[in-house]
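Undergrad: Below you'll find the structure I mean.
The values are calculated or read from the model by the stated rules, or taken from the named source; none is laboratory data. A quick note: this is a predicted structure, and the numbers were derived from the prediction, not measured. Here the Cβ is made from the backbone with ideal geometry for all residues, glycine too, and neighbour counts use every protein chain on show. Accessible surface is based on the protein model in full, side chains and every heavy atom, while ligands, DNA and RNA are left aside. Shrake-Rupley method; radii C 1.70, N 1.55, O 1.52, S 1.80 Å.
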Amino acid sequence: MASAEDERASGGLWALFQIGKEACIEHAALAASLARDDAIGSIMIAVWLVTLGGNMHNPVLSFFYLGLGMKPEDIGWAGVITTVGQLVFGPIYGLILDRHSAYLAVVLSLFSCGFACLARGLATSPEAVYLAAAIMSLGGMTFETMALATVSRYAPPRRRAMVVAGFLLQVKVLGIMGRALYPAWNALVIDGFHVYDNM
């Protein structure tokens, strides 16, 4: 016969499960409504794709750098380049967002992110990695921030807090999913497309 403590524990777990279930349903509905929104739908879809795709290769990025002959300090310098660029160009993107067009800021940062990732993927030397980092510093590192600013700007005031919270949660969840999907993606590339590397 179950004790009173066991019954209370099971009841607490069930209540916690119900809360989690309701939160998931609520955020799924929010994600669907954001994707259908005429003003921010395309931006949200871009954020989801960039976040998922970017995190699918993050687990092996350092190994890729090492395979190019880069030392740990060289990898650190690539990070310095993107950070300095973010500090320099972040305010410029904020100015574009405030005085010109929120969409222009998002599109410019998205193109910077896309070209930088392409250049990094094609890199065959540390210098090419630094070039990719410089391209990323032109705005790619601010894409998520610009997207969040745009989404919160166009969200109805009564829903703004929920939209921002949902945006942040979705980015984190998709980031975790992207990293978790790496083994499957790697197996598909090797076994399905027969693409190998020598790292």
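Undergrad: By accessible area of protein heavy atoms, probe 1.4 Å, what ranking do Ile96, Ile43 get, highest first?
TA: Listed by decreasing accessible area, they come as Ile96, Ile43.
Undergrad: (1) 1.17; (2) 1.53; (3) 1.27: which one is Cα Rg over 2.2 N^0.38 Å as calculated from this entry?
TA: (3)
Undergrad: Hey, another quick one. Roughly how far apart, in whole Å, are the Cα centres of the stretch 164-186 and the stretch 56-110?
TA: Computed from Cα coordinates, the inter-centre distance equals 19 Å.
Undergrad: Find the accessible area per residue for the chain; the probe is 1.4 Å, ligands and nucleic acids are left out, and the unit is Å².
TA: Spelled out: the 1.4 Å probe surface of the chain, per residue, equals 61 Å².
Undergrad: Given the DSSP H assignment, sum -39500 (n - 2.57) over each helix run of at least 4 residues in the chain and divide by its residue total; what's the result at 222 nm in deg cm²/dmol, nearest 500?
TA: Taking each H run of at least 4 residues, the total per residue is -26500 deg cm²/dmol.
Undergrad: Additional query: What figure, in Å² to the nearest 10, do you get for the accessible area of Asp191 with a 1.4 Å probe and non-protein molecules left out?
TA: For Asp191, solvent-accessible area is about 110 Å².
Undergrad: How many nm is it between the label spots at Ser62 and Ile45, if each spot is 7 Å from the Cα in line with the beta carbon?
TA: Here the modelled spin labels are 3.6 nm apart.
Undergrad: When the chain is treated as a GNM, springs tying every alpha-carbon pair under 10 Å, which of Gln86, Gln18, Gln170 comes out with the largest mean-square fluctuation?
TA: Gln18
Undergrad: Pairing the Cα long axis of helix 41-57 with the longest principal axis of the chain, what angle in degrees results, from 0 to 90 and rounded to the nearest 10?
TA: The angle comes out at about 70 degrees.
Undergrad: Kindly write out, for the stretch 152-164 in residue order, the coupling ³J(HN,Hα) from the Karplus curve 6.51 cos²θ - 1.76 cosθ + 1.60 (θ = phi - 60°), rounded to whole Hz, with x marking Gly and Pro.
TA: Coupling constants for the stretch 152-164: 5, 5, 8, 6, x, x, 6, 10, 4, 4, 5, 5, 5 Hz.
Undergrad: Something else about it: With +1 on each Lys and Arg Cβ and -1 on each Asp and Glu Cβ, and nothing else charged, work out how big the dipole of the chain is about its Cα centre, in Debye to the nearest 20. Can you show the working numbers first?
TA: Values: 12 positive and 14 negative charges, 112 e Å.
The dipole of the chain has a size of about 540 debye.
Undergrad: Once the Cβ-Cβ distance between Thr124 and Ile190 is put in as r, and R0 is 25 Å, what FRET efficiency do you end up with, to the nearest 0.05?
TA: On the way: r = 21 Å, r/R0 = 0.82.
Rounded to the nearest 0.05, the efficiency is 0.75.
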